[in-house]
Amino acid sequence: MPRLISILTLLFSICAGAVAQDLLEPEKAFQFSARLLDAGQVEVHYAIAPGYYLYREKFKFAADPPAVSIDATQLPPGKVKKDEFFGEVQIYRGEQRFVLPVKGLTAQAPHFTLNVVSQGCADLGVCYPPQEQKAELTLAAFSPAGTATPATPFLSTAPAARAPNPQSEDAVIAGLFKGGFWVLLASFFGFGLLLALTPCVFPMIPILSGILVPHGAHLTHVRGFVLSLVYVLGMAITYALAGIAAGLLGTVLSAALQNVWVLSGFAAIFVLLALSMFGLYDLQLPTALQSKLAATSNKLHGGHFVSVFFMGVLSALIVGPCVAAPLAGALLYISQSGDGVLGGAALFAMALGMGAPLLAVGASAGTLLPKAGAWMETVKRFFGVVLLGVAIYLVSPLLPVAAHMLAWAALLIVSAIYLHALDPLPPNASGVRKLFKGIGVIGLLAGAALLAGALSGGRDILQPLSGLRSAAATVDRAPVFQRIDSPARLDDAIRAAAGKPVMLDFYADWCVSCKEMERYTFVDDAVRAKMAGLVALQADVTQNLDDHKALLKRFNLFGPPGIVFFDRQGNQINNLRVVGFQAADKFAATLDLALR
Amino acid sequence: MRRLWQALLAGGVALAFGAAGVCFYQWRSAEAPPDPVETGRRVLAASLLGVDGKVQPFEQWRGRVLVVNFWATWCAPCRDEIPGFIQFQERFRTDGVQFVGVAIDQKERVIPYAREMGINYPLVVGGMETMEFARQLGDRATVLPFTLILDRSGRVRTAQVGILMPEKLESLIKPLL
């Protein structure tokens, strides 16, 4: 065992050494998301990693189609940074939410593409080039501006979500409260009640049943209620401490929730919990400590209250990471107030809300608790799988998409096997077994799809097989280009075109938009149909030989991407050229002009 | 006792999971840098548009100690190191040191800035394609400034993300002269 510990310590220290010099890729340093609050407001969210910042004045917002307009004059003020070259500039750090007015969205035209350009730097002394980020937004079943209650979007997403969705929930809570102290407390209580509907409180139920069940028939309603109240109070006081800390510490906390170590630590806790659900061991204090605690608490009037209280404290720590996303919203809101009392009271109220259903269970003296039986093991295993899922979800920002997909695939496939997905059903199988087998087969197929997708280069967890599709598409469906590599060959090819228009595409292996054109534009059916009407030439200038340079120079291009066209007489069409990526519909229009 | 062992085992497994996760993340971030010879070849094979509107093939600087600096006028740390580069270009010109600035920027902004600072080495401009090129040359996070130093044989000797302080620059260039 000591050897194992020292190996692990070594492993951690090796890893820790690499952290310091690591720069995040721009998508990870500045995580972007956006959603429509209602027909008149869009919320743009940036999660900016600690040590990174974005310039306020560099933000540009645009909408497509042009009928929709975004009013970006209301960006909140940032922190002032004195810059040697640029003077006083305003920057954003940490979590940022901009609620911007939108005009022109109607029930008839509910879609638009939001385009946000941002630019930022890292404190280490490097800057990122301007990033363009897009979000496809659709006005869904929301009511018109002003009448949507903030709780509605939360309720509609929470029960469906496998794990809390940070984009929606913490936004709601931060946006909810603008009233006075008591309104705030009531809101937090209600919010806690809503949280109790998420799977996050599931780990608490076996703990609570562990507290109530040993009393068996002796458990009265009053005692059950008091025991669960003590438990809930333990939890609530822990949250209250977090709230006070948040009030006093400011935004440090929300940054901590994005820390690699904190996230990995929480994930490890979840794996531990999951293993206990699978019956590998029972979660309990060491016997020596237990008997000591029992002795102490027996001396106190009321018996187990102390240990129950500490169970509550532990539960808060256990459930904490699962509700991290909404909790971060709450803590962020509180930290902006800078008020420790308010923070403590608000989170205390929230925890009471979360605990209210548990109080009901306690007051029923355990009758609301399901009776023990073999099926309880099944339920426990189910929660084990859910907990492992939460662990994967928590570390997902740290993992490459492929690893993330493989983890899900493993979880789904192994669970499916446990559901007897591959075992034959006995002829007289019960309906429940058939149902489980069906679920198992679905899980197996989904897991297999993820596995196949991850291994074939798919990098979209919602469309795991998209990698296969586009790979197949580029093999089968990409139009055939005639390769040319010198001005002389080009002239030959234009002559040989004999009255057909000619298109010349400059390509290089390092050119990203060339690859995008291949992958998304040239495989489009309409584009292919139109390209059949002309002669398609391609110059691969990756090697940049003299002939390549001569070709580029002839068209005043300094490198790919670039597409030029020649009319039926072989003359270059002067004002028609494509530089950079063009989507299929636009490119089809360009081809129409060339074919005219 | 058996239970304790089970708990310890489970703890170890969980810890190993966490460690593996963190390590994998680090390992992935610490990908091996691109091959210095191949990278040098690609740099010298590049051609970019100069601020004067002429295409500048990098091949023309083969055989010199070439310092290629990716920068931009909107990048404050980049501006920090440019006075040092100007000084070094002046000092080591006769030793065959050639600085080249690759601005991820608009020509209209680069020209007045170059005039104001008195930049005494060639400047070329490029867009996001050029930034992608820099990423392939070793600027993994696509940040600026990014500087490559090639020796006379065209091999990349240094790939620096972030500011190059004069003392470090001197210690890097001198052995290559």
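The values are calculated or read from the model by the stated rules, or taken from the named source; none is laboratory data. All values derive from a computational prediction rather than experimental measurement. We place every Cβ from the backbone using ideal geometry, glycine too, and count neighbours over all the protein chains shown.
Only residues that are more than 16 Å from A:F587 (Cα to Cα) and either among the charged types (D, E, K, R) or in contact (Cβ under 8 Å) with a residue 24 or more places away in the chain (or both): list them for segment A:556-574, please. Result: A:L557, A:G559, A:P560, A:D567, A:R568, A:G570.
Rundown of residues vs (1) surrounded by fewer than 20 Cβ atoms within 10 Å (Cβ to Cβ); (2) under 13 Å from A:K134 (Cα atoms), yes/no style:
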residue	(1), (2)
A:S33	yes, yes
A:L37	yes, no
A:G40	yes, no
A:V44	no, yes
A:L54	no, no
A:K58	yes, no
A:V68	no, no
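If only residues of segment A:407-435 that are buried (at least 18 other Cβ atoms within 10 Å of the Cβ) and assigned to a helix (DSSP H, G or I) are counted, the one that is nearest to the other protein chains (Cβ to nearest Cβ) is A:A407. For segment A:337-360, residues that are at negative phi and modelled with pLDDT under 75 total 3. For first residues located in segment A:14-41 and modelled with pLDDT of 80 or more and in a loop (DSSP other than H, G, I, E, B), partners that are buried (at least 20 other Cβ atoms within 10 Å of the Cβ) and of a type in the set (S, T, Y) and lie 6+ apart or on another chain with Cβ distances below 8 Å form the pairs A:L24/A:Y52; A:E25/B:T142.
In this structure, is A:D83 charged (D, E, K, R), touching a residue at least 40 places away in the same chain (Cβ under 8 Å) and over 18 Å from A:A62 (Cβ atoms)? For A:D83, the condition - charged (D, E, K, R), touching a residue at least 40 places away in the same chain (Cβ under 8 Å) and over 18 Å from A:A62 (Cβ atoms) - is not met. Taking segment A:424-439 as the range and being under 16 Å from A:L412 (Cα atoms) and not β-branched (V, I, T) as the test, the residues that pass are A:F436, A:K437, A:G438.
None of A:Q538, A:Q543 is in a loop (DSSP other than H, G, I, E, B) and either at pLDDT 80 or above or in the same structural domain as A:R577 (by TED's automatic domain parsing) (or both) except A:Q543. None of A:L100, A:L137, A:L105, A:L124 is within 30 Å of B:G162 (Cβ to Cβ) and at pLDDT 75 or above except A:L124. Would you point out the residue of segment A:507-527, among those that are more than 14 Å from every other protein chain (Cβ to nearest Cβ) and surrounded by fewer than 16 Cβ atoms within 10 Å (Cβ to Cβ), that is modelled with the lowest pLDDT? If we take residues in segment A:507-527 being more than 14 Å from every other protein chain (Cβ to nearest Cβ) and surrounded by fewer than 16 Cβ atoms within 10 Å (Cβ to Cβ), then A:R519 is modelled with the lowest pLDDT. The residues of segment B:125-138 that are farther than 21 Å from B:R155 by Cα and in contact with a strand residue (DSSP E or B) (Cβ under 9 Å, 6 or more places away or on another chain), listed by number, are B:V125, B:G126, B:G127, B:M128.
Every residue, every condition in (1) among the hydrophobic types (A, V, I, L, M, F, W, C); (2) within 12 Å of chain A (Cβ to nearest Cβ); (3) closer than 30 Å to A:G580 by Cβ; (4) more than 11 Å from the chain's Cα centre (by Cα), yes or no:
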site: B:P122; (1), (2), (3), (4): no, no, yes, yes
site: B:A134; (1), (2), (3), (4): yes, yes, yes, no
site: B:L137; (1), (2), (3), (4): yes, yes, yes, no
site: B:T142; (1), (2), (3), (4): no, yes, yes, no
site: B:V161; (1), (2), (3), (4): yes, yes, yes, no
site: B:M165; (1), (2), (3), (4): yes, yes, no, yes
site: B:L172; (1), (2), (3), (4): yes, no, no, yes
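Based on what the data block shows, is A:L100 assigned by TED's automatic domain parsing to the domain that holds A:K134 and more than 28 Å from A:L124 (Cα to Cα)? So A:L100 passes the test. Scanning segment B:144-172 for residues that are part of a helix (DSSP H, G or I) and either without any contact (Cβ under 8 Å) to a residue 40 or more places away in the chain or crowded, with 20+ Cβ neighbours inside 10 Å (or both) yields B:E167, B:K168, B:L169, B:S171, B:L172. Taken over segment A:57-78, the criterion of being under 17 Å from A:Q96 (Cβ atoms), more than 14 Å from every other protein chain (Cβ to nearest Cβ) and either polar (S, T, N, Q) or in contact (Cβ under 8 Å) with a residue 60 or more places away in the chain (or both) is satisfied by A:T73, A:Q74. The set of residues in segment A:530-551 that are touching a Leu at 6+ places or on another chain (Cβ under 6 Å) and not aliphatic (A, V, I, L, M) comprises A:K530, A:G533.
Can B:N120 be described as in contact with a helix residue (DSSP H, G or I) (Cβ under 8 Å, 6 or more places away or on another chain) and assigned to a strand (DSSP E or B)? No, not satisfied. Taking every residue in segment B:36-63 that is closer than 17 Å to A:A550 by Cβ and pairing it with any residue that is in a loop (DSSP other than H, G, I, E, B) and polar (S, T, N, Q), at least 6 positions away or on another chain, the pairs with Cβ-Cβ distances below 8 Å are B:A45/A:Q543; B:A45/A:N544; B:A46/A:N544; B:S47/A:N544; B:P57/A:N544.
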